[in-house]
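Following: one structure in structure tokens, then a few remarks.
The values are calculated or read from the model by the stated rules, or taken from the named source; none is laboratory data. Nothing here was measured: the structure is a model prediction, and the numbers come from that model. Cβ placement follows ideal geometry from the backbone for every residue including glycine, while neighbour counts extend to all protein chains displayed. Accessible surface is based on the protein model in full, side chains and every heavy atom, while ligands, DNA and RNA are left aside. Shrake-Rupley method; radii C 1.70, N 1.55, O 1.52, S 1.80 Å.
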Amino acid sequence: MANPKEKKVETTFKLQLPAGKATPAPPVGPALSQHQLNIMEFVNQFNKATAKMEDGMIVPAEVLVHPDKTFTLILKTPPASYLLKKAAGIMKGSGEPNKTKVGIVSRKQIEEIAAIKLEDLNTDDISQAALIIEGSARSMGLEVKK
């Protein structure tokens, strides 16, 4: 198969799905059918690629649609909010992050998450990536312990 960067791309769209659990049901079916793509091929390819990941982990996927109605699947790292919630042991962030704190994450956890997310962030510097993740943590109502 040709390198995805060499193949002409007609359009792209993104989906966030649980690892290994993609089904033809919404949001997958409607998103793919409007571009006339093979839904089961996508489901099988996504589930195979994410089979070894943690059960239930949310995985963003970018789908590049080619003119011949084929597609290229690009998997991204899990959202920072998912990783932060897991690190803090909480189910959801705070509705009022400036007033109500819902958990605590350590500086070490922030750095570990930044290392995971580095390839998808708009920086190559790990310390800048940590600041981005720290900002996400604060906006979720998490307290960052130094």
Note down all Cβ pairs under 6 Å where the first residue falls in region 19-45 and is under 17 Å from residue 56 (Cβ atoms), the second is among the small types (Gly, Ala, Ser) and open to solvent by 60 Å² or more (accessible area, probe 1.4 Å), and they're at least six residues apart or on different chains. 20/51
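Only one residue in 146, 92, 85 is touching a Lys or Arg at 6+ places or on another chain (Cβ under 9 Å), among the basic types (Lys, Arg), modelled with pLDDT of 90 or more and open to solvent by 50 Å² or more (accessible area, probe 1.4 Å). Which one? Can you show your working first?
Details: 146 fails: modelled with pLDDT of 90 or more; 92 fails: modelled with pLDDT of 90 or more.
Of 146, 92, 85, the one residue that is touching a Lys or Arg at 6+ places or on another chain (Cβ under 9 Å), among the basic types (Lys, Arg), modelled with pLDDT of 90 or more and open to solvent by 50 Å² or more (accessible area, probe 1.4 Å) is 85.
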What are the pairs, 6+ residues apart or on separate chains, where a residue within region 73-102 that is touching a residue at least 24 places away in the same chain (Cβ under 8 Å) has its Cβ under 8 Å from a residue that is among the hydroxyl-bearing types (Ser, Thr, Tyr) and open to solvent by 50 Å² or more (accessible area, probe 1.4 Å)? 93/81; 93/139; 94/100; 97/139
Out of everything in region 26-77 that is of a type in the set (Ser, Thr, Tyr) and part of a loop (DSSP other than H, G, I, E, B), what residue ends up being nearest to the chain's Cα centre (by Cα)? 77
Of the residues in region 95-134 that are open to solvent by less than 30 Å² (accessible area, probe 1.4 Å) and small (Gly, Ala, Ser), the one that is modelled with the lowest pLDDT is 103
Just checking, how many residues over region 91-136 are within 22 Å of residue 58 (Cβ to Cβ) and assigned to a helix (DSSP H, G or I)? 19
